[in-house]
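**Q** Let me begin by handing over the structure; questions about it come next.
The values are calculated or read from the model by the stated rules, or taken from the named source; none is laboratory data. Please read these numbers as outputs of a predicted model, since none were measured by experiment. For neighbour counting, all protein chains shown are included, and Cβ atoms are generated from backbone atoms with ideal geometry for every residue, glycine included.
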Amino acid sequence: MNTNSVTTNPSRTLTGRTALVTGGSRGIGAATALRLAREGADVAVTYVNGKEAAEDVVRAVEALGRRAVALRADSGDAVEAADVVERAAMALGGGPDVLVNNVGVGLLGPLEGLSLADVDRVLAVNVRGVFLTSQAAASRMVAGGRIITVGTCMTQRVPGPGGTLYAMSKSALTGLTKALARELGPRGITANIVHPGPVDTDMNPADGPHADGQAAMTALGRFGTADEVASTVAYLAGATYVTGAEFSVDGGHAA
Ligand SMILES: NC(=O)c1ccc[n+]([C@@H]2O[C@H](COP(=O)([O-])OP(=O)(O)OC[C@H]3O[C@@H](n4cnc5c(N)ncnc54)[C@H](OP(=O)(O)O)[C@@H]3O)[C@@H](O)[C@H]2O)c1
């Protein structure tokens, strides 16, 4: 990777970079993969069940003239979460220069209804997997590397009951991001976190049963789109002097 161009060229171009987007078969991850490809990056996306959807993303990236690969890797599996970094590097011929920790499970529900298995699963995917993938990516990254993690607006404001496990798991990622920024800064690698508000995806459809209430919690009074989150992730992939920062892309949910 030409690190010189990263530090001297403030444009957003990612030409010549490789990116790994976890959970990239649908929703925010798929939009991010396409956005990074439009900026010039070759992209690996992971999925666990959605093989066909992930292959659709690969074809869409390839139609933009970039290379892409879909890798089945369960972020809840400790070995797979770490190993996928090298698999992506093998497939794309190096990197990753950009890691987007997008994967997450949004398990919401009353405190008393959450089982030990729920706790273990959410922490395995949302926290342990993000840590292990970041650790593996950091070990391969050179100066100019970017780690961008997708949190949630619920780390800043929990507007109602049912969010204990999800908000707890995502809050850990803010601590991880700030600590990564400090640890990797001397190597010229940045780490930032984006907190989406309600975004219209399979996880949280804008026509779902709780959608109106969520939209009303935002200052803009509407759901966001996956592209609106992806554009901030792409900005951070190109930004040279931003690290350890939290970015709300939440329509004013935290306002
Ligand atoms: N949508 C919102 O309102 C919202 C708000 C705040 C934050 N977020 C966060 O934004 C991120 C993306 O959310 P989204 O709404 O785009 O979700 P989504 O529509 O449910 O998509 C989830 C993606 O993650 C993949 N995935 C799920 N579990 C996985 C695992 N164990 N290993 C690997 N991949 C896995 C899915 O792959 P398969 O196709 O194989 O299932 C899919 O590509 C999540 O971290 C979520 O917490 C979302």
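**Q** Please tell me if Ala230 is within 12 Å of the ligand (Cβ to nearest atom), small (Gly, Ala, Ser) and at pLDDT 95 or above.
**A** Judged against the criteria, Ala230 is a match.
Listed here are the residues, each with its yes/no results for (1) at pLDDT 95 or above; (2) closer than 15 Å to Gly104 by Cβ.
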| position | (1), (2) |
| --- | --- |
| Asn9 | no, no |
| Thr13 | no, no |
| Ala19 | yes, no |
| Gly24 | yes, yes |
| Gly27 | yes, yes |
| Thr32 | yes, yes |
| Leu36 | yes, no |
| Glu39 | yes, no |
| Ala54 | yes, no |
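**Q** Before we move on, is Pro186 over 16 Å from the mean Cα position of the chain (by Cα) and free of Cβ contacts under 8 Å to residues at least 12 places away in the same chain?
**A** In short, yes.
**Q** Is it the case that region 210-227 has a residue that's more than 20 Å from the chain's Cα centre (by Cα), near the ligand (Cβ under 10 Å from one of its atoms) and modelled with pLDDT of 95 or more?
**A** yes
**Q** For region 185-202, give me the residue count where each residue is of a type in the set (A, V, I, L, M, F, W, C) and within 15 Å of the ligand (Cβ to nearest atom).
**A** Residues meeting the conditions: 3.
**Q** Still on this structure, please answer the following. Limited to region 199-248, what total is found for residues that are farther than 19 Å from Gly23 by Cα and not polar (S, T, N, Q)? Spell out the reasoning first.
**A** Here is the first cut: in region 199-248, the ones farther than 19 Å from Gly23 by Cα are 206-223, 235, 238-248.
Retained after the next criterion (residues that are not polar (S, T, N, Q)): 206-213, 215-217, 219-223, 235, 238-239, 241-242, 244-247.
Number of matching residues: 25.
**Q** Which one of these is free of Cβ contacts under 8 Å to residues at least 12 places away in the same chain, in contact with a Ser or Thr (Cβ under 9 Å, 6 or more places away or on another chain) and at negative phi: Glu62, Glu52, Glu112, Glu39? Steps first, please.
**A** On the way: Glu62 fails: in contact with a Ser or Thr (Cβ under 9 Å, 6 or more places away or on another chain); Glu112 fails: in contact with a Ser or Thr (Cβ under 9 Å, 6 or more places away or on another chain); Glu39 fails: free of Cβ contacts under 8 Å to residues at least 12 places away in the same chain.
The unique qualifying residue is Glu52.
**Q** Moving on. May I ask you to list the residues in region 52-88 that are within 18 Å of the chain's Cα centre (by Cα), in a helix (DSSP H, G or I) and of a type in the set (Gly, Ala, Ser)?
**A** Ala53, Ala54, Ala78, Ala81, Ala82, Ala88
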